[in-house]
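Notes follow once the structure below has been shown.
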Amino acid sequence: MDSAFIPSLMRWYAEMAAALPWRASTDPYRVWLSEIMLQQTQVTTVIPYYERFTAVFPTVGALAVADQDTVLKLWEGLGYYSRARNMHLAAKTVVEKHGGQFPTTVDELVTLPGIGRYTAGAIASIAFGEPTPVLDGNVIRVFSRLFDIDEDVTQSSVQNRLWKQAEQLVPAANPGDYNQALMELGRTICKPRSPLCGKCPVHDFCLAYQRGVQEGRPVKKKKAPTPHYDVTAGLIRNELNELLIAKRPDDKLLGGLWEFPGGKLDGNETLPECLQRELQEELGIQIEVGPFFVKVRHAYTHFKITLHVFECRYLPEGGAPQALQCADWRWVEEADLGRYAFSAADRQVIEALNQRSHMLF
């Protein structure tokens, strides 16, 4: 690959780089935190989360001694919660196995939970000046247009070749700025749709632009239709009018978050039948399903759900709750729900509860 574009890219970055809070320091903890938060998430969304997170956990040591519920509550709404759980584990590993000092090389960094080749490259180059490449979606898009790659970039063979080519391009001087410049170019100019080629500092070197095929790069296979599931949840109240919430297992989707218990509709059962079955399997309890409360629609990365929520009454003669298919359970007052980290769908249920409460008073 021709590196002639690099001087133009670096001049553009020096003049146009956004003043982002994590760029104020090359502290590896803050570089790492920002890179983890930016995975699958827009910069504008990340900034307030980053600032709140570093205010509570200013160092890797502070994060290491935190409890998971506090970490997840700060992460609430950012999505992809395995990032937060792995980050918490990685912080503990840095403290326990590395004396609180981040490893400085890619080979060492990838041994930490949740840190892959891309994130390791970002930390090593930005925080420690190691001339190592990064290859995320933004950089792949830039390279696929710059060098007019007409192969499916989701194929592992193509990605392996891109990594090798990226290694050859990364400069020995200021590799961190170079990597950030590529990512910034992909984020602000070389966008997935309608790239701003007229404003691009490297369009003179861009083969796809010269050939008029930039809108067709990168090449990706067509996505399969997104599946949809109907899911039930219960607002289960005891004789004290407390609500039952359950904690999802760490190894499941949304692990570590609290939820209103329930589950996915199976076969030809009715929604109330589904809810009764799920509650028996998950918590070993019996309930009386009452009136419908609210319907919530939510899209995850690979599927969509419609959440059907019902008011329910706990039947103590059926036995006390047990953590059969959940990590924990708790009876809580409605006013205390805000203390717990919930998924986006369950937060919509809580908002509906709050709106009803306001209407009553």
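Using every pair of separate Cα atoms, the Kirkwood estimate puts the hydrodynamic radius of the range 6-216 at 18.0 angstrom. Estimated from helices alone, the mean residue ellipticity of the chain at 222 nm is -13000 deg cm²/dmol (sum of -39500 (n - 2.57) over DSSP H runs with n ≥ 4, per residue).
For the chain, give the share of DSSP beta bridges that are antiparallel, in percent and rounded to the nearest 5; count only bridges with both residues there.
The answer is about 65 percent antiparallel.
Between the Cα long axis of helix 82-98 and the first principal axis of the chain there is an angle of about 70°, rounded to the nearest 10. Using C-alpha pairs below 8 Å separated by at least 6 residues, the relative contact order for the range 228-360 is 32 percent. Legend: translational diffusion of the range 228-360 by Stokes-Einstein, Rh = Kirkwood radius over C-alpha pairs, 20 °C, 1.002 mPa s; D = 144 µm²/s.
Applying both filters, DSSP loop and at most 16 other Cβ atoms within 10 Å, to the trypsin sites (Lys or Arg not before Pro) of the range 216-325 gives K220, K221, K222, K223, K252. The stretch between K223 and Q39, if pulled fully straight at 0.36 nm per residue, gains 64.2 nm over its current Cα-Cα span.
With contacts taken as Cα pairs under 8 Å and at least 6 residues apart, the chain reaches a relative contact order of 15 percent.
Bridges between two residues of the range 190-311, per DSSP, are antiparallel at a rate of about 60%. Take every pair of alpha-carbon atoms less than 8 Å apart whose residues are at least six positions apart; their mean separation over the length of the range 6-216 yields a relative contact order of 21 percent. Among the listed pairs K191/K220; K164/K199; K222/K295; K73/K97; K223/K295, a Cα-Cα separation exceeding 19 Å is found for K164/K199; K222/K295; K73/K97; K223/K295.
Only the coordinates and a few stated rules stand behind these numbers; no lab work does. Keep in mind it's a predicted model, so treat the numbers as computed, not measured. Positions of Cβ are backbone-derived with ideal geometry, glycine not excepted, and every protein chain shown enters the neighbour counts.
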